[in-house]
Protein chains: 2
Amino acid sequence: MKQTPTFNPARALKLDEIGQWDIETDVAIVGFGGAGSCAAIEAAKAGASVHVFEAFSAAGGSTALSGGEVYLGGSGGTAVQKKLGFADSTANLFNYLMMQHAPQGDEAKIRAYAEGAAKHFDWLVAQGVPFKESFLDERVVEPMTDDCLIYSGNEKAWPEVDHCKPVPRGHAVQLEGMGAGAVLMQHLEQAALAAGAHAYYDCRALCLIVDDEGEVVGLVVRQDGREMAVRARAGVVLCAGGFVMNEDMVRRYAPKLLRGNYPIGNPGDTGAGIQMGLSVGGVAVNMHEGFFTLPFYPPSTLTYGIIVNDKGQRFINEDAYHGRVGTDIIAQNSERFYFIVDVDAYGSYEELNFINADVVATGDSVEELERELGLPEQTLVETLTSYNRFAEKGEDPLFHKQPEWLRPLTSPLVALDVTPGRGAYYSYFTLGGLDTLPGGEVLRTDGSIVPGLYAAGRTAAGVPRRGRGYNSGISVGDATFSGRQAGIAATERARRDR
Amino acid sequence: MKQTPTFNPARALKLDEIGQWDIETDVAIVGFGGAGSCAAIEAAKAGASVHVFEAFSAAGGSTALSGGEVYLGGSGGTAVQKKLGFADSTANLFNYLMMQHAPQGDEAKIRAYAEGAAKHFDWLVAQGVPFKESFLDERVVEPMTDDCLIYSGNEKAWPEVDHCKPVPRGHAVQLEGMGAGAVLMQHLEQAALAAGAHAYYDCRALCLIVDDEGEVVGLVVRQDGREMAVRARAGVVLCAGGFVMNEDMVRRYAPKLLRGNYPIGNPGDTGAGIQMGLSVGGVAVNMHEGFFTLPFYPPSTLTYGIIVNDKGQRFINEDAYHGRVGTDIIAQNSERFYFIVDVDAYGSYEELNFINADVVATGDSVEELERELGLPEQTLVETLTSYNRFAEKGEDPLFHKQPEWLRPLTSPLVALDVTPGRGAYYSYFTLGGLDTLPGGEVLRTDGSIVPGLYAAGRTAAGVPRRGRGYNSGISVGDATFSGRQAGIAATERARRDR
């Protein structure tokens with residue numbers, strides 16, 4: 001390769017700046033996480049030569065750090081759903097995901113996902129990923145047992161429950177305890193290598209290479225201090241994660257997320273993949289959005305409590321998914337937020353405390369609690385009186401919390417301060433990225449395709465688009481599913497061009 | 001020029017695709033609206049040759065369709081503010097604008113604007129723009145008299161009123177009646193032509209031209225069916241408006257705005273300027289945001305009423321600026337919104353009705369109104385009882401509506417349905433665009449500059465960044481101010497390179 005002063009993911013090199021190719025392949029994949037491994041498996045199995053470039057010393061990406069849940073259903077049900085008696089039609093899954101991500105959901109992607117999700121489960125099993133045939137009927141962020149199926153979103157919460165048949169769709173990879181994402185990635189990495197993919201570790205992608213017509217023809221990578229020009233005959237697939245670890249980028253595009261105190265992801269989520277896509281005319285969309293959450297259960301008993309703002313008002317059904325609760329909290333114009341619980345609802349909070357929220361007031365009466373919290377006179381009293389009156393009847397006419405979680409709150413009462421920025425644990429990651437077709441083809445602003453470039457996982461704007469509509473397992477589901485589509489599409493392109 | 005099949009703002013031509021130059025100039029300006037005219041004046045006065053390309057038959061842009069208000073202050077006060085006794089420090093204006101646009105405000109731009117705004121007023125006057133030395137002490141969207149100064153934002157509303165000294169900063173161009181933007185543009189067009197700018201009307205900019213180093217060296221325009229290659233020695237200044245009239249782009253980037261029914265702008269706000277910037281590596285930010293409003297006053301008396309959601313809850317101080325009210329309405333999780341007023345507050349609504357909201361219920365008691373609206377039992381009753389109890393004392397402990405607008409609401413009561421999508425007038429425009437330095441230099445994703453390219457007005461992401469923080473006059477203020485900076489910066493670049 002000719003001398004080039006500095007490399008920058010935001011600046012593509014031109015083909016004529018490249019002296020010779022150091023590596024030649026059909027499909028070059030940037031990032032060996034959930035999306036990259038699945039792209040590699042599909043491309044290699046379809047007969048393409050595949051090289052995967054991973055910046056760190058091992059495969060994994062943010063998928064390996066996740067709970068290893070995959071959000072799947074439709075087609076009558078996945079194998080596990082069917083076995084356990086949960087029928088789930090494709091229309092039911094499609095309608096649910098459209099409802100979650102309106103108005104910015106990508107209908108074509110959601111349709112492809114709804115149609116392919118159940119088969120995607122079989123495909124993961126075929127790669128050796130273990131799932132137990134069991135259902136855990138608890139309100140948890142992820143199973144701490146080795147169980148598989150959980151309700152991992154808003155399926156049983158209003159308004160979804162009125163429009164879509166509730167079905168559990170979170171499929172957790174089998175592992176006793178948390179963190180099954182590492183198990184998932186072990187199997188996907190092995191499957192990719194077994195299929196013939198060549199993996200380069202500690203090998204960072206520096207920038208793309210384009211020809212005069214704007215076609216992506218390769219990329220530059222660096223390993224052991226040496227730059228190598230990689231020719232990708234079929235295409236480059238960007239699976240380099242999102243940008244949550246790049247604070248400047250988060251500030252530029254999604255500043256609201258900085259109200260959280262815990263970015264979720266691996267250190268490689270620097271946005272370099274998105275920047276490479278932008279550097280060749282790709283367009284990024286949904287960049288302001290993110291998953292933003294207060295993962296307040298377990299203990300699920302907190303769900304019996306109510307969440308109020310600094311006006312003493314409720315503003316959400318507390319049985320909604322924790323990500324919706326977190327997202328709605330930062331959408332409020334309020335300087336304080338409290339969980340108000342009684343002794344029953346407080347339950348085992350102290351032992352299980354995931355969210356690090358402090359008890360800031362207790363009261364033998366609502367009036368006392370209201371005063372201690374400095375809430376305007378009669379506000380909490382009226383909110384709680386009304387809540388209790390209806391809860392007695394199993395009703396919540398304001399926010400439609402479901403009867404399962406409705407019971408009057410009785411003194412003594414406790415208030416937990418869940419105000420962002422005051423200690424409570426708010427975690428977040430980004431949901432914006434390159435605009436792509438369902439096959440991963442990266443789009444320009446005019447809707448045309450950047451030839452030779454694909455993106456998947458959080459480098460792309462995929463199925464999950466809204467914090468309010470997020471469900472546990474949808475990002476890993478989308479990453480692995482979209483990775484496969486990109487691997488297939490790139491290989492087909494190679495075949496077409498031969 | 002060599003044959004080129006089709007032109008597309010999203011695809012720049014390469015210099016070697018251009019056979020010969022049809023026009024040569026120092027500064028080429030795309031769009032003859034508020035930003036373009038001011039860029040032309042400054043560049044021409046500084047000695048540059050200037051060509052302005054306007055897609056329509058006359059200058060004007062969206063500025064000409066506006067109320068002709070310019071949001072200005074600081075430096076002790078503009079000439080009009082000082083004359084009328086309103087002292088306004090630069091720090092006061094800076095703090096206010098930072099508060100309006102946090103967390104996505106651009107501090108450097110806001111600082112430049114706060115420091116330069118009062119002088120910008122003098123500059124507008126020097127271009128012949130007429131302002132009367134008068135203050136209209138009414139809560140209006142724009143003066144229907146020929147008066148100048150109004151409170152045109154959230155200056156007197158909570159929380160701003162607690163942090164920044166309230167000063168009226170909306171400076172309306174002198175015209176009896178509405179629509180003074182046309183007067184403003186007449187003067188700016190004349191000033192630009194008088195300064196020596198060459199204007200091409202009915203002449204559409206098709207795409208940019210870049211050289212091999214990525215420098216913008218010109219653009220292609222079409223007039224009378226003929227394409228012309230324009231060499232811009234100093235730079236191209238994109239002043240082509242926002243993208244509110246491009247429904248596909250709004251759907252892609254800012255879908256929430258489509259809950260409105262009235263896009264504000266001229267038909268040229270197609271996003272072509274933003275696309276041109278993207279085509280040469282510029283980056284767009286804040287693309288999801290917009291001004292979104294329910295301009296409910298006059299009659300200002302509606303401000304005595306309360307706005308409730310379908311839970312019977314208030315959620316905003318009704319004396320906030322109308323744009324904040326509109327923006328907060330669509331941020332709520334609620335399917336219905338009502339203005340609840342009594343006979344006094346209803347006032348002259350029927351004669352002045354700007355917002356086309358229907359009376360959907362009346363009641364001789366709160367209970368009756370609550371029932372008619374189908375609100376959950378006791379919700380409106382409790383909201384109104386509490387509101388009245390505090391209003392009696394001139395207090396609003398929940399939302400801090402100021403004493404001036406607080407008085408108990410007494411039966412009979414009337415409810416206006418202001419739900420978006422049910423007839424009420426919601427207007428909107430976009431607040432996302434190219435990321436630029438205060439001088440208008442267009443930035444790439446890595447923070448470097450695209451040489452030879454500038455953007456101003458709504459083609460750029462400027463001072464106004466949030467619907468919640470918008471003030472009447474800030475977009476025209478920003479457009480004219482940022483246009484000037486870009487004209488100056490491009491001319492200085494020409495001088496440097498000579």
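The values are calculated or read from the model by the stated rules, or taken from the named source; none is laboratory data. Only a predicted model underlies this, so the values are computations on that prediction, with no experimental measurement involved. Cβ placement follows ideal geometry from the backbone for every residue including glycine, while neighbour counts extend to all protein chains displayed.
For every residue, the table says whether it meets (1) under 22 Å from A:TRP123 (Cα atoms); (2) not in a loop (DSSP other than H, G, I, E, B).
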| site | (1), (2) |
| --- | --- |
| A:LYS393 | no, no |
| A:ASP478 | yes, yes |
| A:GLY483 | yes, yes |
| A:ALA494 | no, yes |
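Out of A:ARG444, A:ARG458, A:ARG484, report the one residue that is crowded, with 20+ Cβ neighbours inside 10 Å, among the charged types (D, E, K, R) and closer than 16 Å to A:GLY290 by Cβ. If you could, list the steps in order and put the result at the bottom.
Values: A:ARG444 fails: closer than 16 Å to A:GLY290 by Cβ; A:ARG484 fails: closer than 16 Å to A:GLY290 by Cβ.
The conditions single out A:ARG458.
Any idea which of (1) under 30 Å from A:GLY452 (Cα atoms); (2) in a loop (DSSP other than H, G, I, E, B) is the one A:GLY235 doesn't satisfy? Exception for A:GLY235: condition (2).
The single residue among B:GLU351, B:GLU372 that is within 28 Å of the chain's Cα centre (by Cα), more than 12 Å from chain A (Cβ to nearest Cβ) and part of a helix (DSSP H, G or I) turns out to be B:GLU351.
Based on what the data block shows, is B:ILE340 surrounded by 23 or more Cβ atoms within 10 Å (Cβ to Cβ) and in a helix (DSSP H, G or I)?
no
Checking each residue in the stretch A:213-226 for being among the acidic types (Asp, Glu) and exposed (fewer than 15 other Cβ atoms within 10 Å of the Cβ) picks out A:GLU213, A:ASP224.
Scanning the stretch B:390-408 for residues that are surrounded by fewer than 20 Cβ atoms within 10 Å (Cβ to Cβ), in contact (Cβ under 8 Å) with a residue 12 or more places away in the chain and either more than 11 Å from chain A (Cβ to nearest Cβ) or more than 36 Å from the chain's Cα centre (by Cα) (or both) gives B:GLU392, B:GLY394, B:GLN402, B:GLU404, B:ARG407, B:PRO408. Among the residues making up the stretch A:287-318, a single one is over 21 Å from A:VAL359 (Cα atoms), more than 8 Å from chain B (Cβ to nearest Cβ) and assigned to a loop (DSSP other than H, G, I, E, B): A:ASN317.
Of the residues B:LEU93, B:LEU72, B:LEU84, B:LEU149, which single one is in contact (Cβ under 8 Å) with a residue 60 or more places away in the chain, away from chain A (no Cβ under 14 Å), out of contact with any Lys or Arg (no Cβ under 9 Å at 6 or more places or on another chain) and closer than 14 Å to B:VAL167 by Cβ? Of B:LEU93, B:LEU72, B:LEU84, B:LEU149, the one residue that is in contact (Cβ under 8 Å) with a residue 60 or more places away in the chain, away from chain A (no Cβ under 14 Å), out of contact with any Lys or Arg (no Cβ under 9 Å at 6 or more places or on another chain) and closer than 14 Å to B:VAL167 by Cβ is B:LEU84.
Residues in the stretch B:28-50 that are in contact with a His (Cβ under 9 Å, 6 or more places away or on another chain) and within 28 Å of A:ARG444 (Cβ to Cβ): 2 in all. Considering only residues of the stretch A:321-337 that are surrounded by fewer than 24 Cβ atoms within 10 Å (Cβ to Cβ) and part of a loop (DSSP other than H, G, I, E, B), which is farthest from the other protein chains (Cβ to nearest Cβ)? For the stretch A:321-337, the residue satisfying everything is A:ARG336.
No other residue among A:LYS256, A:LYS311 is modelled with pLDDT of 95 or more, surrounded by fewer than 24 Cβ atoms within 10 Å (Cβ to Cβ) and not assigned by TED's automatic domain parsing to the domain that holds A:CYS203 apart from A:LYS311.
Taking the stretch A:75-97 as the region of interest, how many residues are part of a helix (DSSP H, G or I) and crowded, with 17+ Cβ neighbours inside 10 Å?
9
Looking only at the stretch B:7-52, residues that are over 30 Å from B:PHE481 (Cβ atoms), of a type in the set (Phe, Trp, Tyr) and modelled with pLDDT of 95 or more come to 1 in all.
For A:ASP16, the conditions (1) in a loop (DSSP other than H, G, I, E, B); (2) within 14 Å of chain B (Cβ to nearest Cβ) are fulfilled apart from (1). Figure legend. Inter-residue proximity from the stretch B:216-239: first residues farther than 23 Å from B:ARG458 by Cβ, second residues hydroxyl-bearing (Ser, Thr, Tyr) and part of a strand (DSSP E or B), beta-carbon distance below 8 Å, spacing 6+ or different chains. Indicated pairs: B:GLN223/B:TYR200; B:ARG231/B:THR25; B:ARG233/B:THR25. Residues in the stretch B:144-182 that are among the hydroxyl-bearing types (Ser, Thr, Tyr) and over 17 Å from B:LEU124 (Cβ atoms): B:THR145, B:TYR151. Quick one: would you say B:LEU380 is in a helix (DSSP H, G or I) and either surrounded by 14 or more Cβ atoms within 10 Å (Cβ to Cβ) or outside the structural domain of B:SER300 (by TED's automatic domain parsing) (or both)? For B:LEU380, the condition - in a helix (DSSP H, G or I) and either surrounded by 14 or more Cβ atoms within 10 Å (Cβ to Cβ) or outside the structural domain of B:SER300 (by TED's automatic domain parsing) (or both) - is met.
Any chance the stretch A:27-37 includes a residue that's among the aromatic types (Phe, Trp, Tyr) and either surrounded by fewer than 19 Cβ atoms within 10 Å (Cβ to Cβ) or out of contact with any Asp or Glu (no Cβ under 8 Å at 6 or more places or on another chain) (or both)? No, there is no match, as no residue in the stretch A:27-37 is among the aromatic types (Phe, Trp, Tyr) and either surrounded by fewer than 19 Cβ atoms within 10 Å (Cβ to Cβ) or out of contact with any Asp or Glu (no Cβ under 8 Å at 6 or more places or on another chain) (or both).
Of all residues in the stretch B:241-286, those that are closer than 22 Å to A:LEU431 by Cα, aliphatic (A, V, I, L, M) and assigned to a loop (DSSP other than H, G, I, E, B) total 2.
Scanning the stretch A:98-127 for residues that are of a type in the set (D, E, K, R) and either more than 14 Å from chain B (Cβ to nearest Cβ) or assigned to a helix (DSSP H, G or I) (or both) returns A:GLU107, A:LYS109, A:ARG111, A:GLU115, A:LYS119, A:ASP122. Residue under question is A:THR419, and the condition is that it be more than 24 Å from A:TYR470 (Cα to Cα), more than 14 Å from chain B (Cβ to nearest Cβ) and either aromatic (Phe, Trp, Tyr) or surrounded by fewer than 24 Cβ atoms within 10 Å (Cβ to Cβ) (or both); does it hold? Judged against the criteria, A:THR419 is not a match. The residues of the stretch A:240-270 that are at the interface with chain B (Cβ under 10 Å from one of its Cβ atoms), touching a residue at least 40 places away in the same chain (Cβ under 8 Å) and touching a Ser or Thr at 6+ places or on another chain (Cβ under 9 Å), listed by number, are A:TYR253, A:ALA254, A:LEU257.
Counting only strands (runs of 3 or more DSSP E) that fall entirely inside the stretch B:128-226 and contain at least 2 residues that are closer than 30 Å to B:GLN402 by Cα, the qualifying elements are B:170-172.
Condition test on A:ALA424, is it within 14 Å of chain B (Cβ to nearest Cβ) and either out of contact with any helix residue (DSSP H, G or I) (no Cβ under 7 Å at 6 or more places or on another chain) or of a type in the set (Phe, Trp, Tyr) (or both)?
Numbers: within 14 Å of chain B (Cβ to nearest Cβ): no; either out of contact with any helix residue (DSSP H, G or I) (no Cβ under 7 Å at 6 or more places or on another chain) or of a type in the set (Phe, Trp, Tyr) (or both): yes.
When the stated conditions are applied, A:ALA424 does not pass them.
Would the stretch B:48-62 turn up any residue that is in a helix (DSSP H, G or I), among the small types (Gly, Ala, Ser), within 30 Å of B:GLN223 (Cβ to Cβ) and in the same structural domain as B:GLU24 (by TED's automatic domain parsing)? Yes, the stretch B:48-62 contains at least one residue that is in a helix (DSSP H, G or I), among the small types (Gly, Ala, Ser), within 30 Å of B:GLN223 (Cβ to Cβ) and in the same structural domain as B:GLU24 (by TED's automatic domain parsing). When A:LEU93, A:LEU72, A:LEU97 are checked against the criterion of being assigned by TED's automatic domain parsing to the domain that holds A:PHE243, in contact with a strand residue (DSSP E or B) (Cβ under 6 Å, 6 or more places away or on another chain) and at pLDDT 95 or above, A:LEU72 stands alone in meeting it.
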